[in-house]
1. Kindly provide the set of residues from region 547-569 that are open to solvent by less than 10 Å² (accessible area, probe 1.4 Å) and closer than 17 Å to LEU512 by Cα, ordered by number.
2. If you take the residues of region 599-616 that are open to solvent by 10 Å² or more (accessible area, probe 1.4 Å) and within 16 Å of GLU573 (Cα to Cα), which of them is modelled with the lowest pLDDT?
3. May I ask you to verify whether SER495 is modelled with pLDDT of 95 or more and within 30 Å of LEU317 (Cβ to Cβ)?
4. So which of ILE126, ILE166 ends up being part of a loop (DSSP other than H, G, I, E, B) and at pLDDT 85 or above?
5. Take region 454-496 and flag every residue that is within 22 Å of the chain's Cα centre (by Cα) and among the charged types (D, E, K, R).
6. Could you say whether any residue in region 523-534 is surrounded by 20 or more Cβ atoms within 10 Å (Cβ to Cβ) and within 18 Å of the chain's Cα centre (by Cα)?
7. Looking at GLY580, GLY585, GLY575, GLY500 in this structure, which one is more than 30 Å from LEU253 (Cβ to Cβ) and out of contact with any strand residue (DSSP E or B) (no Cβ under 8 Å at 6 or more places or on another chain)?
8. Scan region 392-444 for residues that are under 30 Å from THR197 (Cα atoms) and acidic (Asp, Glu) and report the count.
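The values are calculated or read from the model by the stated rules, or taken from the named source; none is laboratory data. Quick caveat: nothing in here was measured; it's all calculated off a predicted structure. Cβ placement follows ideal geometry from the backbone for every residue including glycine, while neighbour counts extend to all protein chains displayed. Note: accessible area is taken over every heavy atom of the protein model, side chains too, but ligands, DNA and RNA are not part of it. Shrake-Rupley method; radii C 1.70, N 1.55, O 1.52, S 1.80 Å.
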Amino acid sequence: MKTAKKPTAAILILLSICLMLSACFNGHLVVTETPLAKETAVPGETALASDTPVPSETPFSEETASPGETAAPEETAAPEETPEDRPLRDSYTEKVVNVYDSCETVGGKKTGKSSAKYNLRFYDDIPDVPYTGVNSFLKEFVKSEYTLTREGSVFTYDGGEGFLRIDTARQILTLSNTELFDYHPDAEEEIKWSFNTLSESSTTGGRDKLISLKSYDIAAFSGEDEAYLPFSLVSNLFCSALLHNVAYNGRDLYVIDMLGLVTPEVTDEDYGDGFREPIENGRSQSLTDFNYNMLCLIFDNLRGYTSQLCFGDNNLLTIGLDGILELYYPSIKEQLHSTDYDTYSIGLMRLFSGLSDGGHTSYVAYNLSNVLNNVIGDKMYDPEFSPLGEYLENYIGFYQNASLITQARIASLGNDASGSTYYYYNSKYEIAYIGFNTFDTDYDGWEKYYSTMKEEDIPKETDTYAFVREMLYRAKKDGAKKVVLDLSTNTGGNSDSLIGIYNLLHNANGNLVFNNTVNMSREVSTYLTDVNLDGEFDEKDAEECKKFDFKVCVLTSSVSFSCGNLLPSMLKEAGIKTIGERSGGGSCALALQTTADGLAFLRSSSFCLSNDRGDDIDAGVPVDLDLLGSPEDSNPYAGFFDIGKTSAFLDSAY
């Protein structure tokens, strides 16, 4: 089989990095005492109520800088250094820590142990915030090719796909691309076995993103050969659409790889045990303050669309995270600044209930560690937790709707339609229903198939593209003239499966489009799909697609999220009808991030999926035929599976 070309942001997950040791150099710091920038109401002016309307989001406007973003021209001369400009000492100590990046098996038990070591630097005035040389990090964790140039206090790390420039005199970061150095080579090796290949890719628009570290009271240091930044900030900057990051839990470094593409997951007894000390004895003030500042920097500058945030005023783009918390939720800000771990845990949970955007941005650390779950789990029921009402309403409503849809599906199509995937055929109306709740890609299964080219090795049970392909052939054999793709309880997944399914109905050739909300660019990647599974990407695949000449529609609901939102949008633009209820939205690729104290969370990245027109589909896709009943109905989704009505609609629509 032809190996797919090097993957881009478009081909992986909507839901990055490995490691060893680094060199150490002397350095100095240039930073001011300016505290974290805050925008508050003008004296005498009343702060907006949380339900006050705000201007609609314009993510591609180039006129307004994000909070903390500087508009100073790059060529501005660096200011003279004075003692007042350099309040922090440049003296430091170094610490060699373990790197847990694999699950070695000892006596049949995965230990997560590793013999790798890494040097962290701790500056004396911020003693609990670990720093790393960016050059060292890239060599050992990202393992991608890049060049480093230095001009005085300006360090430029250029990876071809983009660059990171650090001006340690002016304390400014410049990013040319938020996915700076593409994917980890180990991940590329894992995903090369695919039924898709990248045919071509182009990027239009774009601008450099400037971030003022001073605005967030975060310091960059110059070393002899490289710039030094806080370890967690560097790790978060170089995290791609792969759910992969490196966390420092106060004791050692841990590769957190939620997809298993780079390394198996470390065990809880290693990762979780590192949190016992701060849980029992409290958090350090320097780490606590830095952690808050870094969270503000990330959500102010690297966010995707914010139209679905639960924060009531929804103006993250204009006043920033600190502005929102200062004006409307000061208790959350106070909790995040607390050195008491229980109080901090409540603050984190409340913060992410406000940053919740329908299903992408979420706090996940307690899912990775029993130690943390024991702390967080109990606090979720604490009256002080008090998550935002909209978060609870959305959370409860999502599961209630999914349950009602499943009940309606079973009532109309039978118990065989109750699983995560199903096929149903009605001979009277010559209509087939093909349902799937996630988009899964079984790379191991495809590697096996393309090694043997045997029909029995096609991963039909574990791969969504393979399943849908097989069901389309089954529908043809059954005599179906019409097909309903049921995404009404689909919550998303892997865009590799998505583009494959789209191409089954689109001549084996389709585009994935990303709008970048940080550098305002638009990336279009064209993928070819091996429809006939002969290991080639050629005109025979488009010919094979002609067999699927059905009248097709897509069934969606408010539960249809992420890829379950994108596929209907793409198919609708291609002329295929949508029925049911407006989809639930969610268009951003996922990024796995960590707090400064090693707690994992997911956020909507700046890579926002779109259709060929470049539409913002984050708030969902409207339908051509509304099947939703009245809220007063015992089950407003009962009409979703009205076979006769759907069949008549398809007959009239095509």
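1. SER562, CYS563, GLY564, ASN565, LEU566, LEU567, PRO568, SER569
2. GLY614
3. In short, no.
4. Just a single option satisfies the conditions, and that option is ILE126.
5. Within region 454-496, ASP463, ASP496 qualify.
6. yes
7. Among GLY580, GLY585, GLY575, GLY500, only GLY575 is more than 30 Å from LEU253 (Cβ to Cβ) and out of contact with any strand residue (DSSP E or B) (no Cβ under 8 Å at 6 or more places or on another chain).
8. Total satisfying the criteria: 3.
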